[in-house]
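Notes for the one structure printed next.
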Amino acid sequence: MFTIKDKKLKKLDQSIGEFYKLNARYFNSLINKFGRKVFKKEVKQLNSFADSIKPTAEFDQLILQNIKSNLRIQETVIDYFTDPKFHLTPPKFIDAIAGQGSWMMLEKRFINSPWEMRWHHTEQSLERGQLLANEKTDEAQKLAKKIIPQIKKDILSYGIDKGYLPANFDFQLYLLPPKDGGQYSRWNSKTKVFELGNYGFDFFHIGKSITVMPTIAYRTSFHEIIGHAAHQSNSVDMPFSVSFSEEIASLTSVKTTVEGISDHASKQSWDYIQQNLSRLKIHQEEYNFQFNLEEILAANQYEYLFLSLVKDRETREKGFKGYKYIQQITKNPMLARYFKHDFDSEFYDEWGSFGHTFGPDHFALMVNKLSRKFGRKYLEQNYNRFNRAHLTGVWSWEVYPDAVIWMMENLP
Ligand SMILES: [Zn+2]
């Protein structure tokens, strides 16, 4: 659809695909010091080649800027883990990879933890728990299986109607069996198979029979299909460096764009479910319960990421005491105690949730820049175009807002 004009940039774009593969491979063996040499050498070469390119076309400039951003952020992350003389403190490091003010934002959210919501939610869980039916019975599973074709039909018609999915889009949808410990849903971009976890269905004893409420099944289907799958199908014809692959999503700079897009899709699902409560046979209380739970889980994620960085500070900043610091900012001795005795994850362990944690903020950054440029009203009136624009290309969060603006102006 969009092609690179500059010849040198075209070459760089092709070799960057190999770098993404190398990066994904090395990330799984950071302990290997030889791997670090290979990685650093490759980054150096790519950077100096990138610096020698001076493209004139606007699209080419975006592509180059994006490659540079990916290289810079990924090298910073790798150095944080593997360079014993790494120069940034954890707060400065998180600002360098997620944007200025990120540490302050994490700290602020940590201080303003949603305790009241958690309190009410725990109480509701107790009441709700008494009505829950076991998902492993035949009766329950039959009910869930029966809804699968309806979910697929609903998702496809919503996605195509709002411009997220191309008109000929299709996928396979399978229900995973119930499993202890939870089974994650997964969109496979190669096979176009969507496996939906059984946890998406909640079963209740109502009167003498069992009822199923597919609240989270819808929410998850929106995340995976209206989010990830739509992002993929809109980006297939893009240049290598911004087209969808499993490897590209392992770049730290890209993870937040990818998950921000899918989080935006999840948010659409809450409106959709609310409007279709009676057709989907979901009770309003159950909707509220799950809606609040989603907010609580998001808060947990922020807080774990923050705590993991505080843990890192203890090992990286001389004289820094995490226990004292947490007690001081939260005035919550029990929380400080939890950090000291029970919480032992470092940022390395929480890295997997980086995209989910910062995704919504980076998506909002893009929406704000677009609103300033085009006005909110224009975006609302051109909603389908905005959807295609924000789904075209897999960009670093730093370049994403400008890329979407460009798409708004240049999409056919
Ligand atoms: Zn996701």
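Coordinate-derived values only; no laboratory data. Here the structure is a predicted model, which means the values were calculated and not measured. In this analysis, Cβ positions are derived from the backbone assuming ideal geometry, glycine residues included, and neighbour counts consider all displayed protein chains.
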Can you give the convex hull volume of the alpha carbon atoms of the range 129-291 per residue, in Å³?
125 Å³
Restricting to bridges with both residues inside the chain, how much of the DSSP beta-bridge set is antiparallel, in percent to the nearest 5?
70 percent
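Can you give the extra length, in nm with one decimal, that the chain gains between Lys146 and Gln172 once fully stretched, where that is 0.36 nm per residue apart less the Cα-Cα distance? Before the final figure, lay out each step's value.
On the way: separation 26, 0.36 × 26 = 9.36 nm, distance 1.54 nm.
Result for the pair: 7.8 nm of gain on full extension.
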Give a residue-ordered list of calculated ³J(HN,Hα) values for the range 258-273 (Karplus: 6.51 cos²θ - 1.76 cosθ + 1.60, θ = phi - 60°; whole Hz; x for Gly, Pro).
4, 6, x, 4, 6, 5, 4, 5, 4, 5, 4, 5, 5, 5, 4, 5
Taking θ as phi - 60°, what are the ³J(HN,Hα) couplings along the range 306-311 by the Karplus curve (6.51, -1.76, 1.60), each to the nearest whole Hz, with x for Gly and Pro?
4, 4, 5, 6, 5, 4
So how compact is the chain: Cα radius of gyration and Dmax in angstrom?
22.8, 73
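Could you sort the peptides 2-8, 46-52 by per-residue average Cβ neighbour count (10 Å cutoff), highest mean leading?
Working: 2-8: 15.3, 46-52: 13.7.
My ranking of the peptides, most packed first, is 2-8, 46-52.
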Mind checking which lysines have their Cα closer than 21 Å to the Cα of Lys108? Skip sequence neighbours fewer than 8 apart in that chain.
Lys92, Lys311, Lys321, Lys324, Lys331, Lys340
Could you list log10 I(q)/I(0) for the range 224-351 at q = 0.12, 0.13, 0.15, 0.16 Å⁻¹, which the Debye formula gives when each Cα is one point scatterer?
-0.72, -0.80, -0.91, -0.95
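Considering only DSSP beta bridges whose two residues both sit in the range 129-291, what percent are antiparallel, to the nearest 5?
Around 70 percent antiparallel, to the nearest 5.
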Rank-order 303-313, 189-199, 121-131 by packing density, defined as the average count of other C-beta atoms within 10 Å over each peptide's residues, highest first.
303-313, 189-199, 121-131
Does anything in the range 1-24 have its amide N under 19 Å from the 7 Å Cα→Cβ label point of Asp51, and if so which residues?
8-9, 12-13, 16
Could you work out the relative contact order of the range 1-117? I mean the mean sequence separation of Cα pairs under 8 Å and 6+ apart, divided by the number of residues, in percent.
24 percent
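Give the order of Thr257, Thr220 when sorted by the count of other beta carbons within 10 angstrom, beginning with the fewest.
Working: Thr257 29, Thr220 23.
The fewest-first ordering by Cβ neighbours comes to Thr220, Thr257.
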Excluding same-chain residues fewer than 8 positions from Lys373, which lysines have a Cα within less than 26 Å of its Cα?
Lys68, Lys162, Lys255, Lys267
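Kindly rank 404-412, 351-359, 28-36 from highest to lowest mean number of other beta carbons found within 10 Å of each residue. All intermediate terms of the calculation are to be shown ahead of the outcome.
Working: 404-412: 15.9, 351-359: 20.4, 28-36: 12.1.
Sorting 404-412, 351-359, 28-36 by mean packing, highest first, produces 351-359, 404-412, 28-36.
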